[in-house]
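Q: Dropping a structure here in structure tokens format, bear with me for questions.
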Amino acid sequence: MVRPQIAPSILSADFARLADEIAVIGSTADWVHVDVMDGHFVPNLTLGLPVVQALVKSSPIPLDVHLMIEDPDRWATSYAEAGAGSVTFHVEAAAAPVRLARDLRSAGARAGMALRPATPVEPYVDLLPELDMLLVMTVEPGFGGQAFLDVVLPKIRRARQAIGDGAVWLQVDGGINAETIERCADAGADVFVAGNAVFGADDPAAAVERLREAATR
Ligand code: DX5
Ligand code: ZN
């Protein structure tokens with residue numbers, strides 16, 4: 001098993017102090033997870049390309065951009081060109097996911113593809129070689145601080161079976177805390193997004209370490 005990676009989500013951070021908040025977790029986290037929401041694909045609106053461009057310049061660790069937007073075919077590649085280390089689009093919103101994944105890689109980013117809780121993994125197994133990461137959502141996307149959906153655990157296991165020990169990372173996002181992270185790791189996930197469990201903690205940097213330890217157990 002590879003070393004588990006932790007990607008704190010700045011959705012739970014103070015948006016008026018993003019650079020400071022990222023600096024706090026910069027020494028313990030592997031990625032900073034940036035949730036881009038357009039108010040259409042999900043019923044919430046967060047931030048977009050100009051803020052990501054600014055964060056690329058100021059962050060000591062690479063950006064893991066999670067696009068919860070309509071028409072990622074049109075918008076996603078600009079996030080890769082901006083310097084995000086990883087860009088994840090939702091397959092439910094993509095018209096041509098293979099072309100888009102190839103475009104993201106050509107622009108220098110890792111290509112990620114996300115599945116909402118009710119989206120099955122089986123139709124997309126043949127696409128895995130085009131991807132660097134598969135994101136299995138463990139809440140309905142749109143908001144931080146929601147409760148983990150147990151119902152998704154079997155899909156994480158099936159996704160791990162399909163990936164095998166391959167190069168594709170398996171990320172989970174939503175309701176991840178010291179308890180649920182163990183179950184996700186047991187099911188085969190290896191990259192863990194956590195918003196509330198990190199930025200809601202008194203010591204976010206230590207919370208990242210605790211999550212990684214729990215994922216390793
Ligand atoms: C939800 C976002 C998540 C969210 C996770 O739509 O994609 O990244 O910030 O937050 P927590 O860990 O609080 O559920
Ligand atoms: Zn996310």
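Q: For the chain, set up a Gaussian network in which alpha carbons nearer than 10 Å are linked by springs, and say which option among 158, 99, 110 fluctuates the most.
A: Sorting by GNM fluctuation, first place goes to 99.
Q: Grab the Cα-Cα distance for residue 17 and residue 206, subtract it from 0.36 nm times how many residues apart they are, and report the gain in nm with one decimal.
A: Numbers: separation 189, 0.36 × 189 = 68.04 nm, distance 1.95 nm.
Contour length minus Cα-Cα distance gives 66.1 nm.
Q: Separate question: How big is the dipole moment of the chain about its Cα centre under a simple scheme where the beta carbon of each Lys and Arg is +1, that of each Asp and Glu is -1, and everything else is neutral? Debye, nearest 20, please. List each step's numbers first, then the result.
A: On the way: 17 positive and 29 negative charges, 75 e Å.
In total the dipole reaches around 360 debye.
Q: Here's another thing I want to ask about it. Please compute the length gained on full extension between residue 102 and residue 217, using 0.36 nm multiplied by the number of residues separating them and subtracting their Cα-Cα distance. Please report the intermediate quantities before stating the final value.
A: Values: separation 115, 0.36 × 115 = 41.40 nm, distance 3.52 nm.
Extra length from residue 102 to residue 217 when fully extended: 37.9 nm.
Q: List the relative contact order of the chain as a percent without decimals, with contacts defined as Cα pairs under 8 Å and 6+ residues apart. List each step's numbers first, then the result.
A: Working: 474 pairs, mean separation 46.7, N = 217.
Reported as a whole number, the value is 22 percent.
Q: Shifting gears a bit: If r is the Cβ-Cβ distance from residue 27 to residue 2 and R0 is 25 Å, what FRET efficiency results, to the nearest 0.05?
A: On the way: r = 21 Å, r/R0 = 0.82.
With R0 = 25 Å, the Cβ-Cβ based efficiency is 0.75.
Q: Please work out the C-alpha center-to-center distance from region 1-39 to region 45-105 and express it in whole Å.
A: So the separation of the two Cα centres works out to 15 Å.
Q: When the helix-only estimate is applied to the chain (DSSP H runs of n ≥ 4, each -39,500 (n - 2.57), divided by the residue count), what is the mean residue ellipticity at 222 nm, nearest 500 deg cm²/dmol? Let's see the in-between values first.
A: Numbers: 8 runs with 74 residues, N = 217.
Computed ellipticity for the chain at 222 nm equals -9500 deg cm²/dmol.
Q: Using a Gaussian network model of the chain whose springs link C-alpha atoms within less than 10 Å, name the residue from 52, 24, 65 with the highest mean-square fluctuation.
A: Comparing 52, 24, 65 in the GNM, the peak value goes to 24.
Q: Return the ratio Rg/(2.2 N^0.38 Å) for the chain, where Rg is computed over Cα atoms only.
A: On the way: Rg = 15.6 Å, N = 217, 2.2 N^0.38 = 17.0 Å.
Normalised by 2.2 N^0.38 Å, the Cα Rg of the chain equals 0.92.
Q: Fewest to most neighbouring Cβ within 10 Å: what's the order for 18, 211, 127, 135? Intermediate results must be reported in sequence, preceding the final value.
A: On the way: 18 19, 211 25, 127 15, 135 29.
Arranged by neighbour count, lowest to highest, 18, 211, 127, 135 become 127, 18, 211, 135.
Q: Given the options 174, 164, 144, which has the most mean-square fluctuation in a GNM of the chain, springs set between C-alpha atoms less than 10 angstrom apart?
A: Looking only at 174, 164, 144, the largest GNM fluctuation is found for 164.
Bear in mind these aren't lab numbers, they're just calculated from the coordinates by the rules spelled out. It should be emphasised that the depicted structure is a prediction, and the values quoted were computed from it without experimental measurement. Cβ sites come from the backbone with ideal geometry, for glycine too, and all protein chains shown count toward neighbours.
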